[in-house]
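Undergrad: Submitted below is the structure of interest, expressed as structure tokens.
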Amino acid sequence: MKISDISFDKLANMASSDTGLCFDIGSFVVRLRTNEKSFLKTFSLLYQDFRLAPDAFIDFHVDIGKPAGFRRWLRPQVIFSIDGRVLFEPFPLSHAMPLFEWGLNWCVARRAHQFLMLHSAVVEKRGKAIIFPAFPGSGKSTLSAAMALRGWRLLSDEFGLVSSQDGLLQPMPRPVPLKNESIDVIRNFSENAVIGPLFPKTRKGTVAHLRATNQSVEQIKQLAKPAFVIFPRYKLASDITVKELPKHYAFLKLATHAFNYEVMGQTGFELVRDIVNSCDCFNLTYSNLDEVISRLDELIV
């Protein structure tokens with residue numbers, strides 16, 4: 001059963017119960033408990049295609065709620081807790097959705113060491129996955145969002161999760177956080193873009209979340225084989241440049257973008273080595289989304 005298959009009142013009752021709302025995000029199952037209905041409305045819009053998982057093993061026990069004390073009434077705030085522990089400073093109540101998403105990212109980055117975790121977007125088409133490792137501000141989220149709206153399957157805009165068992169990429173197609181100018185870029189890019197409310201004055205500026213396409217969520221259990229490693233960089237008014245990288249240089253760049261390369265030791269080294277050896281590796285500079293997607297489509301013909 002999908003989240004969209006139940007009424008909002010029932011969803012709110014589930015989320016406020018001791019059992020909580022349990023749902024599958026692909027590689028993990030999350031139990032969410034909250035009484036904050038304004039947050040839950042946004043959550044239900046962005047996560048409507050995800051399936052409930054009431055009987056599954058829970059990876060992350062998350063609570064979204066107000067802190068105790070007078071601040072519940074004066075400038076209300078919201079806190080994110082995992083396994084009963086509050087790990088971050090409170091956010092304004094109106095920013096509960098960004099807090100939930102950033103908190104869930106923290107949970108994955110700190111606990112999912114069964115995977116090599118690459119700081120990258122990942123998309124797939126025709127059985128060929130592209131890993132887009134990039135530092136913040138490089139445009140990887142905007143690029144992967146646009147590609148998903150043009151028929152590519154989104155595995156993630158943030159985490160390339162590589163299985164230590166078989167080297168395959170694990171999907172986790174959660175909402176894509178668009179920032180500042182990227183919000184209008186994607187809104188104008190496709191009439192099919194479903195974007196949640198704006199959250200101004202976050203630590204990253206104004207943020208809004210793009211709902212993952214139904215195709216991406218429906219294939220949430222379909223793993224993907226890496227075919228390309230492409231390091232993207234958005235540059236205003238630039239022409240597209242695609243430059244093939246030597247394998248040794250691609251290895252160093254990809255290892256730099258792994259959250260837990262050192263933690264995994266030899267396994268991390270071998271996974272990065274195998275990805276680089278089996279993939280074509282490029283630097284990519286672009287400015288026009290239509291043009292760059294057309295060029296990337298040509299790679300998988």
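Undergrad: Modelling each spin label as a point 7 Å along the Cα-to-Cβ direction, I'd like the ASN180/ASP83 distance in nm, to one decimal.
TA: Label-label distance for ASN180 and ASP83, simple model: 3.6 nm.
Undergrad: Spin-label point model (7 Å from Cα, Cβ direction): what's the ASP5 to GLU291 distance in nm?
TA: With each label point 7 Å from Cα toward Cβ, the separation is 4.6 nm.
Undergrad: Sort TYR47, TYR234 so that the residue with the fewest other Cβ atoms within 10 Å of its own Cβ comes first and the one with the most comes last. Please report the intermediate quantities before stating the final value.
TA: Numbers: TYR47 23, TYR234 20.
In increasing order of surrounding Cβ atoms, one gets TYR234, TYR47.
Undergrad: Report, by chain and number, residues whose modeled amide H sits under 5 Å from the one on ALA129, excluding near sequence neighbours (fewer than 5 apart, same chain).
TA: Amide H neighbours of ALA129, under 5 Å, 5+ apart: LYS225, ALA227, PHE228.
Undergrad: May I ask you to work out the translational diffusion coefficient for the range 3-111 at 37 °C, viscosity 0.692 mPa s, via Stokes-Einstein with Rh from the Kirkwood sum over Cα pairs, reported in whole µm²/s?
TA: On the way: Rh = 14.1 Å.
Roughly 233 µm²/s, to the nearest whole number.
Undergrad: Express in whole angstrom the spacing between the alpha-carbon centres of the range 166-234 and the range 101-126.
TA: 13 Å
Undergrad: I need TRP152, TRP106 ordered by Cβ neighbour count within 10 Å, fewest first. Before the final figure, lay out each step's value.
TA: On the way: TRP152 24, TRP106 15.
Listed from fewest to most nearby Cβ atoms, that is TRP106, TRP152.
Undergrad: Among ASN192, PRO177, SER164, pick out the residue whose Cα is farthest towards the positive end of the charge dipole of the range 155-201, where Lys and Arg carry +1 and Asp and Glu carry -1 on C-beta, about the Cα centre.
TA: PRO177
Undergrad: State, to one decimal in nm², a quarter of the convex hull surface area for the C-alpha atoms of the chain, i.e. the direction-averaged projected area.
TA: Details: hull surface 62.3 nm².
For the chain, averaging the hull's shadow over all directions gives 15.6 nm².
Undergrad: For the chain, what does -39500 (n - 2.57) per DSSP helix run (n ≥ 4), summed and divided by total residues, give at 222 nm, in deg cm²/dmol to the nearest 500? Please report the intermediate quantities before stating the final value.
TA: Values: 10 runs with 96 residues, N = 301.
That calculation yields -9000 deg cm²/dmol at 222 nm.
Undergrad: Here is a follow-up. With +1 assigned to the C-beta of every Lys and Arg and -1 to the C-beta of every Asp and Glu, and no other charges, what is the dipole magnitude of the chain about the Cα centre in debye, to the nearest 20? Write down the numbers at each step before the final one.
TA: On the way: 36 positive and 30 negative charges, 141 e Å.
The calculated dipole for the chain is roughly 680 debye.
Undergrad: What does DSSP give for the range 202-292 in terms of the percent of beta bridges that are antiparallel, rounded to the nearest 5? Don't skip to the end; give the middle numbers.
TA: Values: 5 of 12 bridges.
Taking every DSSP beta bridge with both residues in the range 202-292, the antiparallel ones total about 40 percent.
Undergrad: Just check the range 139-207 against the gyration tensor rule for me: Cα atoms, a ≥ b ≥ c as the square roots of the eigenvalues, rounded for a/c under 1.5, and otherwise prolate or oblate depending on whether a/b exceeds b/c.
TA: Working: a/c = 2.87, a/b = 1.63, b/c = 1.76.
In terms of gyration-tensor shape, oblate.
Undergrad: Please list 3J(HN,Hα) in residue order for the range 154-161, calculated via the Karplus relation 6.51 cos²θ - 1.76 cosθ + 1.60 where θ = phi - 60°; whole Hz, with x for glycine and proline.
TA: Karplus-based 3J(HN,Hα) across the range 154-161 equals 8, 8, 5, 9, 10, 10, x, 9 Hz.
Undergrad: Setting aside same-chain residues fewer than 8 positions from LYS125, which lysines have a Cα under 20 Å from its Cα?
TA: LYS125 reaches LYS140, LYS221, LYS225.
Undergrad: What is the fewest-to-most order of VAL86, VAL276 by other Cβ atoms lying within 10 Å of their Cβ?
TA: Details: VAL86 13, VAL276 23.
With the fewest neighbours first, VAL86, VAL276 line up as VAL86, VAL276.
Undergrad: Further question: Tell me which residues come under 5 Å, amide H to amide H, from ALA134 once H is placed; ignore anything under 5 positions away on its chain.
TA: ALA121
Values quoted throughout were computed directly from the atomic coordinates according to the rules given, and no laboratory measurement underlies them. Values in this document were obtained by computation on a predicted structure and should not be read as measured data. Backbone-built Cβ (ideal geometry, glycine too); neighbour counts: all protein chains shown.
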